[in-house]
There are 2 protein chains.
Amino acid sequence: MIGIKSIASYVPTAGLDNYVQGAKFGKDEEFMFGKIGASFLPRKAEEQETSDLCVEAARALFASNPELDPQSIDVLIVVTQNGDEEGLPHTAAIVQHKLGLSTRVAAFDVSLGCSGYVYGLYAIKGFMQAAGLKNGLLITADPYSKIVDPQDRNTTMLFGDAATATWMGEDAVWQLGEARFGTDGSGAEHLKVTNGNFFMNGRQVFNFALVKVPAHLHELLDASGLQSADIDAFCIHQGSAAIVDAVARRFEEQHPEKFVKDMLETGNTVSSSVPLLLQKHMLDSSWQRVAISGFGVGLSWGSAILYRG
Amino acid sequence: MIGIKSIASYVPTAGLDNYVQGAKFGKDEEFMFGKIGASFLPRKAEEQETSDLCVEAARALFASNPELDPQSIDVLIVVTQNGDEEGLPHTAAIVQHKLGLSTRVAAFDVSLGCSGYVYGLYAIKGFMQAAGLKNGLLITADPYSKIVDPQDRNTTMLFGDAATATWMGEDAVWQLGEARFGTDGSGAEHLKVTNGNFFMNGRQVFNFALVKVPAHLHELLDASGLQSADIDAFCIHQGSAAIVDAVARRFEEQHPEKFVKDMLETGNTVSSSVPLLLQKHMLDSSWQRVAISGFGVGLSWGSAILYRG
């Protein structure tokens, strides 16, 4: 079955000291650590385009998987809402060229924010099955530094730039199990770009996550015939430390520590947050079953079970 | 098997008399009819957003399929590169809300241009299979009137606004067969938006279509074990009358008339051109097997066989 064979990432080494940035807004280190959750926010260079971040992540993937011939990639999906150019052409076409992939690749962008990786996994697996393809590259890259106003205290302390690349193919160790998805466009205004600047209603987004995500995870487990105890770890979108903590406590009063929190050096990397957790914590683990969940812009959410095949 | 159950569309009744427009650029009616292929170019109203075109097409689909409960839609994909807002949130979330669909819908945009419907068919079928979903809505809406400069003779005579909605589900009459895809980002510059204006290198795009599409269709037929005589009709992207004619002659010297040409009242409607042809010519036909092909922005192309199941 087609599943996750490998994950690699690119996190720019340059960036912002978030404690220094927090101090500018009168926030102490306790707040930055405990509520925001990031002491450092990686930032791409001004001249780096979104496609360049994708290329770095893909090259890291190829480097760590010498058995994967880049010329065998036959589908490439880029999950982004901040691609190159002005939306046309799509970033995936530019990445095809920069990586020197075969022109026989099916390449397109999926427009989703923080829920994008969960959707992307099922989109690429499904596309591969429906079209009879063998090796997929699922890339996430949504550099919010393009749209965040450094003077906006609601957003500038939260977001970091990063990209990830996931190799999807047959005989994968990690398989995709049950999934559940949801969309509520009535909340679209809570996360949107106007005149090139990103706006977020933090309170509304926090409430949305706290109400929606634990219930969605319970629904997913029920649909899968699983108990919380069957899940080794919950890798959910790292919106902020406060969001991860609140969702974890509401979902799992007994074992909130099963919710992985690891965003201190990256911040909220949008659709890259879940694959960054999986790369770092799941791939080399002894875990048997992991629940993932992404939620954000749209409003949109998606949760799924990953299991060892 | 999941396939195409129904297709509906929305074509604005307002628009441009393209013969009058052609005359401004010194083009006579023979040129407009024979080379451009459109006597009329539908134009959305200024206040209509892309999501509004999607909603009109979806409502037409629901009206013509009373057995389809809108609340049963569990996945919604919008194919566009000219969505609402500034790319964030995605248009599919806005459409979910405007249509009053269930919040249990998986909704996202696919960023592709004139090749988008072919990719979209396999993306939505695959996503439905991978995630266990039942009723899909595949919408195309890419109103180029947002980005075409009325003074640019290379583009303003070509593009019309339209939207289509395709119902995907089980027990469908029309099934998806073999498909082939391709991407060449080295040609990205031939079709792109800069500072809000669309640029097209018409000669390069014409040559690309003429070299790539007939060969791609032959490859698709070979892979399917089919001869040209097994295909009742070819419904390819209606880039211009000249492109359709040239591709048809190069592919099928004996029967170029099997290439459906129907764009006189719509022009080039980007990702809506293929589903508009299918709605009008395939659904009520006695055809057994149809080949479709889309090609354009990216550069990107995709071809597939549709057959009665």
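Report yes if some residue within the stretch A:194-205 is of a type in the set (Val, Ile, Thr), within 13 Å of another protein chain (Cβ to nearest Cβ) and surrounded by fewer than 19 Cβ atoms within 10 Å (Cβ to Cβ); otherwise report no.
Taking every residue of the stretch A:194-205 in turn, at least one turns out to be of a type in the set (Val, Ile, Thr), within 13 Å of another protein chain (Cβ to nearest Cβ) and surrounded by fewer than 19 Cβ atoms within 10 Å (Cβ to Cβ).
Could you please find all residues in the stretch A:206-223 being open to solvent by 20 Å² or more (accessible area, probe 1.4 Å) and more than 13 Å from chain B (Cβ to nearest Cβ)?
Scanning the stretch A:206-223 gives A:PHE206, A:ASN207, A:LEU210, A:HIS218, A:ASP222.
Just a yes or no: is a residue in the stretch B:227-234 assigned to a loop (DSSP other than H, G, I, E, B) and free of Cβ contacts under 8 Å to residues at least 12 places away in the same chain?
The answer is yes; a qualifying residue exists.
So which of B:LYS134, B:LYS98 ends up being at pLDDT 95 or above and facing another protein chain (nearest Cβ under 8 Å)?
Selected residue: B:LYS98, the only one of B:LYS134, B:LYS98 that is at pLDDT 95 or above and facing another protein chain (nearest Cβ under 8 Å).
Can you go through A:THR103, A:THR164, A:THR183 and tell me which one is modelled with pLDDT of 95 or more and away from every other protein chain (no Cβ under 11 Å)?
Only one candidate qualifies: A:THR164.
Does A:VAL290 fit the bill of being out of contact with any Asp or Glu (no Cβ under 7 Å at 6 or more places or on another chain), among the hydrophobic types (A, V, I, L, M, F, W, C) and touching a residue at least 40 places away in the same chain (Cβ under 8 Å)?
It is false that A:VAL290 is out of contact with any Asp or Glu (no Cβ under 7 Å at 6 or more places or on another chain), among the hydrophobic types (A, V, I, L, M, F, W, C) and touching a residue at least 40 places away in the same chain (Cβ under 8 Å).
What is the number of the single condition among (1) out of contact with any helix residue (DSSP H, G or I) (no Cβ under 7 Å at 6 or more places or on another chain); (2) of a type in the set (D, E, K, R); (3) modelled with pLDDT of 95 or more that A:GLU86 does not meet?
For A:GLU86, the failing item is (3).
Evaluate the stretch A:37-51: report whether one residue or more is among the hydroxyl-bearing types (Ser, Thr, Tyr), in a strand (DSSP E or B) and modelled with pLDDT of 95 or more.
No, there is no match, as no residue in the stretch A:37-51 is among the hydroxyl-bearing types (Ser, Thr, Tyr), in a strand (DSSP E or B) and modelled with pLDDT of 95 or more.
With the structure loaded, tell me whether A:HIS90 is more than 28 Å from B:SER224 (Cα to Cα), open to solvent by less than 10 Å² (accessible area, probe 1.4 Å) and over 15 Å from the mean Cα position of the chain (by Cα) or whether it fails that test.
yes
Anything in the stretch B:177-193 that is assigned to a helix (DSSP H, G or I) and open to solvent by less than 50 Å² (accessible area, probe 1.4 Å)? List them, or say none.
B:GLY185, B:GLY187, B:ALA188, B:HIS190 - these are the residues of the stretch B:177-193 that are assigned to a helix (DSSP H, G or I) and open to solvent by less than 50 Å² (accessible area, probe 1.4 Å).
Can you tell me how many residues in the stretch B:133-168 are surrounded by fewer than 21 Cβ atoms within 10 Å (Cβ to Cβ) and either among the basic types (Lys, Arg) or under 21 Å from B:GLN71 (Cβ atoms) (or both)?
Summing the residues that are surrounded by fewer than 21 Cβ atoms within 10 Å (Cβ to Cβ) and either among the basic types (Lys, Arg) or under 21 Å from B:GLN71 (Cβ atoms) (or both) in the stretch B:133-168 gives 3.
Taking only pairs six or more apart or across chains, which ones have beta-carbon atoms under 7 Å, a first residue in the stretch A:101-125 that is hydroxyl-bearing (Ser, Thr, Tyr), and a second residue that is assigned to a helix (DSSP H, G or I) and open to solvent by less than 10 Å² (accessible area, probe 1.4 Å)?
A:TYR117/A:SER271; A:TYR117/A:VAL274; A:TYR117/A:PRO275; A:TYR122/B:PHE127
Just to check your reading of the model, which residue among A:THR91, A:THR50 is more than 19 Å from A:THR266 (Cα to Cα) and among the hydroxyl-bearing types (Ser, Thr, Tyr)?
Selected residue: A:THR91, the only one of A:THR91, A:THR50 that is more than 19 Å from A:THR266 (Cα to Cα) and among the hydroxyl-bearing types (Ser, Thr, Tyr).
Could you please give the count of residues in the stretch A:167-176 that are more than 14 Å from every other protein chain (Cβ to nearest Cβ) and assigned to a strand (DSSP E or B)?
Going through the stretch A:167-176 one residue at a time, the tally reaches 3.
I need the full set of residues from the stretch B:1-59 which are open to solvent by 60 Å² or more (accessible area, probe 1.4 Å), within 30 Å of B:GLU86 (Cβ to Cβ) and in contact (Cβ under 8 Å) with a residue 60 or more places away in the chain, in order please.
B:GLU56
From the set of residues in the stretch B:71-82 that are within 14 Å of chain A (Cβ to nearest Cβ) and more than 18 Å from B:ASP161 (Cβ to Cβ), which is most open to solvent (accessible area, probe 1.4 Å)?
B:GLN71
Can you name the condition, by its number, that B:GLU67 falls short on among (1) surrounded by fewer than 18 Cβ atoms within 10 Å (Cβ to Cβ); (2) on the phi > 0 side of the Ramachandran plot?
B:GLU67 satisfies all of (1) surrounded by fewer than 18 Cβ atoms within 10 Å (Cβ to Cβ); (2) on the phi > 0 side of the Ramachandran plot except (2).
For the stretch A:262-283, give me the residue count where each residue is over 20 Å from A:ALA141 (Cβ atoms) and either touching a Pro at 6+ places or on another chain (Cβ under 8 Å) or surrounded by fewer than 18 Cβ atoms within 10 Å (Cβ to Cβ) (or both).
Summing the residues that are over 20 Å from A:ALA141 (Cβ atoms) and either touching a Pro at 6+ places or on another chain (Cβ under 8 Å) or surrounded by fewer than 18 Cβ atoms within 10 Å (Cβ to Cβ) (or both) in the stretch A:262-283 gives 2.
Can you tell me which residue is surrounded by the most Cβ atoms within 10 Å (Cβ to Cβ) among those in the stretch B:106-115 that are facing another protein chain (nearest Cβ under 8 Å) and not acidic (Asp, Glu)?
It comes out as B:LEU112.
Anything in the stretch A:245-269 that is closer than 28 Å to A:GLY309 by Cβ and in a helix (DSSP H, G or I)? List them, or say none.
A:VAL247, A:ALA248, A:PHE251, A:GLU257, A:LYS258
State whether one or more residues within the stretch B:224-238 are closer than 21 Å to B:ASP284 by Cβ, modelled with pLDDT under 95 and away from chain A (no Cβ under 14 Å).
no
Is it true that B:VAL290 is part of a strand (DSSP E or B), of a type in the set (Val, Ile, Thr), out of contact with any Ser or Thr (no Cβ under 6 Å at 6 or more places or on another chain) and within 14 Å of chain A (Cβ to nearest Cβ)?
No: the conditions fail for B:VAL290.
The values are calculated or read from the model by the stated rules, or taken from the named source; none is laboratory data. Everything numeric here is computed off the predicted structure, so don't read it as measured data. All Cβ positions, glycine included, derive from the backbone under ideal geometry; neighbour counts span all protein chains shown. When the accessible area is computed, the model is the full protein with side chains, heavy atoms only, and any ligands, DNA or RNA have been set aside. Shrake-Rupley method; radii C 1.70, N 1.55, O 1.52, S 1.80 Å.
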